[in-house]
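Below is one structure, written out as C-alpha cells; the observations come after it.
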Amino acid sequence: MSQIRKVVIPVAGLGTRFLPATKAVPKEMLPVVDTPAIQYVVEEAVAAGLTDVLMITGRNKGAIEDHFDDVAELTAALEAKGDADRIARVRRSTELADVHFVRQGAPLGLGHAVGRAREHVGGEAFAVQLGDDLIDSANPLLPDMIATQEHLGGSVIALMEVPREQISLYGSAVVEPADPVPGTTFPVHRVTGLVEKPAPEEAPSTLAAIGRYVLHPAVFDVLDRTAPGHGGEIQLTDALATLAGMPASEGGGVHGVVFSGKRYDTGDRLDYLKAVVQLALERPDLGPPLREWLAEHLAE
Ligand code: G1P
C-alpha cells in the first residue's frame, strides 16, 4: 500500500479561454455531463489512494469550496421527496475526500501555487493534479506514477506524445531510457531536461508534460529559488528542470511516465466538448439515446 496520501490541486487560474462562461463561474465548476470538472479530478485522486486534497485557490473560486461542502437544506428537500439517488449524488463530493483550501495570494504562476502547499504537505512526497486535465478512468495514470516514485525516489512527471505544432502549449522533456518499474503499465524514462512552452522548432522533444506530478518535498526549496520564467511566472517546469540535475541524496532526479490513454484538456473548448460527448456516451442512461441521435444528426 502506498504511503502517498496528499494531493495538491491548483485552482486559482482565471479560465480566460472559456469567457464569458467563466466570468462569474470558476472554470473548474463547468459541468462535464452533470458533474463539475473538478470532481472528476478529485475522483481520480481518491481512486489512487490520495484522500487528503489541498486546493490552491483564489478570488471568485468560492463555488468550488461550496461544492465540497454538505448542503443540509438540499438533502432535506430531497429526503422529503424520497429521492435517495439524488441524495447520494449530492453527498458524493462531500464524502469523497478530506478537502482543504489555501489561497494563492497573488497570481505568480503554477510553481508559486504549488509552493503555497509547503506547510500542508510537510516533508512527504505528494501528488499534483492540474484541474484542466481530465484523465480517462479506464487507464489510471496516478497509480503508476506513485509506484514509480516509491521505487525510484525523486520526482515523477506524466508525459504524452503530442504533434510538434502543439508542443508550445506544454513543458517539453528531454529523456533517456530507463528500466521498467515492476508492477506498472506505462513506459518510464529518465528526464534530463525540461523546457516550458518552447517554440515548436526549438522544442527538445515532442514529449509534453501533462498535468500530473508526484513530487519530492525538495521541490519546495527549489521553488523558493526559482526565478520567474516563461510569461514572467514562476514555473513548476523550471523547478523540475533543476531537480532533474540534482543528486538523489538531495531529493533530485526526475522520471517521466509516458501516458497513452485518453486525456482531455477541459480548458480548451473543443477538447471540453469531446470530453462531454465521450463521457455521456459511456453513461448507461444517456449513452444509447445520445449515440442514436448523434448517428442520425451526422447522417443528415
Ligand atoms: C501547465 C504547465 C505545463 C504543462 C501543462 C499541462 O501549463 O506549466 O508545463 O505542460 O500545464 O497541461 P498551463 O496549461 O497551465 O499553461
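Pop out the ³J(HN,Hα) list for segment 255-261 in order, Karplus 6.51 cos²θ - 1.76 cosθ + 1.60 with θ = phi - 60°, rounded to Hz; leave Gly and Pro as x.
10, x, 9, 8, 7, 10, x
Set Lys and Arg Cβ to +1 and Asp and Glu Cβ to -1, take the dipole of the chain about its Cα centre, and tell me which of THR226, VAL254, TYR213 lies farthest positive.
About the Cα centre, the residue reaching furthest to the positive side is THR226.
Enumerate the aspartates and glutamates that LYS81 could reach by cross-link, defined here as Cα to Cα under 16 Å, with residues fewer than 8 away along the same chain left out.
GLU73
For HIS255, list long-range residues whose amide hydrogen, built 1.01 Å from N in the peptide plane, is under 5 Å from its own amide hydrogen.
SER155, VAL156, ILE157, VAL191
Give the long-range amide H neighbours of ARG103: residues separated by 5 or more places, or on another chain, with amide H under 5 Å away, using H modelled in the peptide plane at 1.01 Å from N.
THR57
Please say if segment 1-154 is rounded, prolate or oblate, where rounded means a/c under 1.5 for a ≥ b ≥ c the square roots of the C-alpha gyration tensor eigenvalues, and otherwise the choice is prolate for a/b larger than b/c and oblate otherwise?
In terms of gyration-tensor shape, oblate.
Under a GNM of the chain (C-alpha, springs under 10 Å), which listed residue has the highest mean-square fluctuation: SER249, SER168, SER155?
SER249
Through the Karplus equation 6.51 cos²θ - 1.76 cosθ + 1.60, θ set to phi - 60°, convert the phi angles of segment 175-188 into ³J(HN,Hα) values in whole Hz; use x for Gly and Pro.
These are the phi-based 3J(HN,Hα) values: 10, 10, x, 9, 5, x, 9, x, x, 10, 9, 7, x, 10 Hz.
Quick one: grab the alpha carbon gyration tensor of the chain, order the square roots of its eigenvalues as a ≥ b ≥ c, and give me rounded if a/c is under 1.5, else prolate or oblate depending on whether a/b is larger than b/c. Write down the numbers at each step before the final one.
Numbers: a/c = 1.65, a/b = 1.40, b/c = 1.18.
In terms of gyration-tensor shape, prolate.
With a Förster radius of 45 Å, plug the Cβ-Cβ distance of SER249 and ALA138 into 1/(1 + (r/R0)^6) and report the FRET value to the nearest 0.05.
Efficiency at R0 = 45 Å is approximately 0.70.
Could you compute the longest span of the chain free of trypsin sites (Lys or Arg not before Pro) located in DSSP loops and having at most 11 other Cβ atoms within 10 Å, not counting the site residues?
82-224
For the chain, give the percent of accessible area contributed by carbon and sulfur heavy atoms, probe 1.4 Å, rounded to a whole number.
Values: 7880 of 14660 Å².
Reported share for carbon and sulfur atoms: 54 percent.
Non-local amide H neighbours of THR22 (under 5 Å, H modeled in plane, Pro and chain starts lacking H): which ones?
none
Spelling out what I want: for every residue of segment 122-127, take phi, set θ = phi - 60°, compute 6.51 cos²θ - 1.76 cosθ + 1.60 (Karplus), and round to whole Hz; glycine and proline get x.
These are the phi-based 3J(HN,Hα) values: x, x, 9, 5, 8, 9 Hz.
Choose one answer from ALA88, ALA63, ALA21: the residue with the largest mean-square fluctuation in a GNM of the chain with alpha-carbon springs under 10 Å.
Judging by the Gaussian network model, the answer is ALA88.
Antiparallel DSSP bridges in the chain: what percent, to the nearest 5?
Beta bridges within the chain, antiparallel portion: roughly 60 percent.
What accessible area per residue comes out for the chain, rounded to a whole number of Å², with a 1.4 Å probe?
On the way: 14660 Å² over 300 residues.
Result: 49 Å² per residue.
Order SER2, SER260 by their accessible area, 1.4 angstrom probe, all chains in place, largest first.
Reading off the accessible areas and sorting them downward yields SER260, SER2.
May I ask for the net charge around GLY58, where only other residues with Cβ less than 13 Å from the Cβ of GLY58 are counted and Lys, Arg are +1 while Asp, Glu are -1?
My count for the surroundings of GLY58 gives +3.
Taking a cut-off of 16 Å between Cα atoms, list the aspartates and glutamates near LYS27, but don't count ones fewer than 8 places away on the same chain.
Cross-link targets: GLU65, ASP66, ASP132, ASP133, ASP265, ASP268, ASP271.
How far is it, in nm, from the label point at VAL90 to the one at ALA106 when both lie 7 Å from their Cα along the line to the Cβ?
Each label point lies 7 Å from its Cα, and together they span 4.2 nm.
The values are calculated or read from the model by the stated rules, or taken from the named source; none is laboratory data. In this text, all values refer to a predicted model and were calculated from it rather than measured experimentally. Counting neighbours? That spans all protein chains shown, and the Cβs are built from the backbone with ideal geometry, glycine included. The accessibility values were calculated without ligands, DNA or RNA, using every heavy atom of the protein model including side chains. Shrake-Rupley method; radii C 1.70, N 1.55, O 1.52, S 1.80 Å.
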